[in-house]
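Heads up: the structure comes next, in structure tokens.
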Amino acid sequence: MQVTMSVNGDEVTSEIEGRLLLVHYLRDHLGLTGTHWGCDTSNCGTCVVWLDDEPVKSCTVLAAMAGGHEVRTVEGLEKGTELDPVQQGFMNCHGLQCGFCTPGMMMTARALLDRNPDPTDGEIREAISGQICRCTGYATIVRSIHWAADHERAAAAAAASGALTGDEVVERVLEEADPSGGSETPQTVGAGSES
Ligand code: FES
Ligand code: FES
């Protein structure tokens, strides 16, 4: 069968088998290997992409079901040559070790911040509760997402006020968000940590 969809803003048309999963279509047909395939049980969440702006596990969606819809993968997070603040946050706050879970985590984080620009620890942990990280203990992932949220709020404040430079506002917001300067002991309680 033939399927046509938008992937990261580009229209693609392919001849596929009806049983093909979206995760395999993205990886094997389009070469978008940033979306990972980590389990056979729909538990790990490393395959998360957006389908019409909603995070979905692409191992639970047939490629045919994405026909006529918009798909966004981790390759589509960057804005031009600029990293998305979520990507920057994971880099700055060591939100990854092996990186296998990272694409799915970042897609979920971006969707969360688009809906809730100032999430609490609990809201972040709930958002990523369908995803498993085997490495980080989740503390640095939560910190990374907070960094992105703080950065985006600071940028918005700078743009609105014009009174401070972007760097000054970022510095101020980050100080308020983390008066310890980022030295507290990471917690190991995290969504999915039971596995
Ligand atoms: S590959 Fe594990 S949930 Fe999709
Ligand atoms: S960084 Fe290794 S699984 Fe999350």
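With a sphere of radius 15 Å drawn around the Cβ of Leu32, what net charge do the other residues whose Cβ falls strictly inside it have (Lys, Arg +1; Asp, Glu -1)?
With Lys, Arg at +1 and Asp, Glu at -1, the neighbours total -4.
Can you list the HN-Hα couplings for region 73-90, worked out from phi with the Karplus curve (6.51, -1.76, 1.60; θ = phi - 60°), rounded to whole Hz and with x for Gly and Pro?
Calculated HN-Hα couplings, in order: 10, 4, 5, x, 6, 4, 10, x, 9, 8, 5, 5, x, 5, 5, 5, x, 5 Hz.
Within 10 Å of each residue's Cβ, count the other Cβ atoms and sort Ile132, Ile145 from fewest upward. Display every interim value, and only then the final one.
Numbers: Ile132 23, Ile145 30.
Lowest to highest Cβ neighbour count: Ile132, Ile145.
Taking 8 Å as the Cα distance limit and 6 or more residues as the minimum spacing, I'd like the relative contact order of region 2-76 as a percentage.
Details: 139 pairs, mean separation 30.0, N = 75.
It comes to 40 percent, rounded to a whole number.
For Cys135 and Glu54, compute 0.36 nm times the residue count separating them, minus their Cα-Cα distance, and round to one decimal in nm. Intermediate values should be presented prior to the final figure.
On the way: separation 81, 0.36 × 81 = 29.16 nm, distance 2.60 nm.
Roughly 26.6 nm would be gained on extension.
According to the square roots a ≥ b ≥ c of the eigenvalues of the Cα gyration tensor, what is the shape class of region 30-107, taking rounded for a/c under 1.5, prolate for a/b larger than b/c otherwise, and oblate for the remainder?
Values: a/c = 2.32, a/b = 1.33, b/c = 1.74.
It is oblate, given that a/c is not under 1.5 and a/b is not larger than b/c.
Using a cut-off of 15 Å between beta-carbons, work out the net charge of the residues near Leu113 (Lys and Arg +1, Asp and Glu -1, Leu113 not included). If you can, show how the numbers build up before the last one.
Numbers: positive: Arg72, Lys79, Arg110, Arg115, Arg125, Arg143, Arg153; negative: Asp53, Glu54, Asp84, Asp114, Asp118, Asp121, Glu123, Glu126, Asp150, Glu152.
Net charge around Leu113: -3.
No value in this document is a laboratory result; all are computed from the given coordinates. Since the structure is predicted, the reported quantities are computational estimates derived from the model, not experimental observations. Note that we place each Cβ from the backbone using ideal geometry, even for glycine, and neighbour counts take in every protein chain shown.
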